[in-house]
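FYI, it's all coordinate maths here, none of it is from the lab. Not measured: the values here are computed from a predicted model. Counting neighbours? That spans all protein chains shown, and the Cβs are built from the backbone with ideal geometry, glycine included.
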Amino acid sequence: MKKGILLILSGFAGSGKGTIVKELLDKYDNYALSVSATTRSPRPGEKDGREYFFKTVEEFEDMIKAEELLEYARYVDNYYGTPAEYVEKMLKDGKDVILEIEQQGALQIKEKRPDALLLFVMPPSVDEVYNRLKGRGTENEETILKRMRQGAKEAEVIGEYDFLIINDDLDECVKRVHNTIQSAKYATFRNMDLIDDVVKGFGEFFNKH
Ligand code: 5GP
């Protein structure tokens, strides 16, 4: 079975990346979602092992020392990281594994795993980013402005990603993300083993003829 592709999905707060991931998992059976470890406290309704593996700082730092994490970052006073074992297992099983992570982690993965595909999700305009954060109704104006400032910083690094995903119409966007991922699998640099086989195949052909 062919190995799956490692997918990084980042995006501004309010970009709808969480919804896109959920739709991808619901609609197609080739995806698996990596569950991260974090030192932040669970929000109401979050369950250990489902949204995150909730860890103490000490436990998290032990995971770093034991090199159990594929990447990790500090974000708004907390640690967040991707346990490597599950990701590697799922990739071997042929699944396309989604990491929904922020930019520092995404850039670490890009260094370590040049075959990973990096996608950045954003609403059609900056006004729309603000409107969506406001529309959630869960944060006060000060927090929304903090997130907008964070977004402004993130915008400067978008060029490091492979594809920009504009989240205008959700259904269309999910189809586009899926098609982008499936096409990217056929990039020549991700298929050097196949190309080697073809070259060898020609060698064998001319040995016989
Ligand atoms: P939240 O606390 O809102 O769940 O997540 C905060 C940010 O951390 C989000 O941008 C989320 O994508 C990111 N994040 C979640 N898990 C990981 C991880 O394993 N590694 C990194 N680098 N970022 C993560």
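Brief remarks on what is shown
- The fewest-to-most ranking of T180, T188 by surrounding Cβ atoms within 10 Å reads T188, T180.
- Taking 0.692 mPa s as the viscosity and 37 °C as the temperature, the Stokes-Einstein diffusion coefficient of the range 84-156 based on its alpha-carbon Kirkwood radius rounds to 223 µm²/s.
- Helix content alone sets the calculated 222 nm mean residue ellipticity of the chain: runs of n ≥ 4 DSSP H residues at -39500 (n - 2.57) each, divided across all residues, give -14500 deg cm²/dmol.
- Cα Rg, Dmax (largest Cα-Cα span) when computed across the range 19-89, Å: 13.1, 38
- Loop-resident sites, the range 48-98, for trypsin sites (Lys or Arg not before Pro), counting at most 12 other Cβ within 10 Å (DSSP): R50
- Values of log10 I(q)/I(0), in the order q = 0.07 Å⁻¹, for the chain under a Debye, Cα-only, solvent-free model: -0.25
- Convex hull volume per residue for the range 88-204, taking Cα atoms only, in Å³: 147 Å³
- Spatial separation of Cα centroids for the range 129-186 and the range 14-82, in angstrom: 18 Å
- Reach of K175 by Cα under 20 Å, taken over lysines that are not fewer than 8 positions away in the same chain: K17, K22, K27, K95, K185
- P(r), alpha carbons of the range 1-45 - 10 Å bins starting at zero, rounded %: 19, 46, 29, 6
- Exposure proxy order (Cβ contacts within 10 Å, fewest to most) of M90, M192, M122: M192, M90, M122
- For the range 17-55, the list of GluC sites (Glu not before Pro) that fall in a loop by DSSP and count at most 16 other C-beta atoms within 10 angstrom reads E46, E51.
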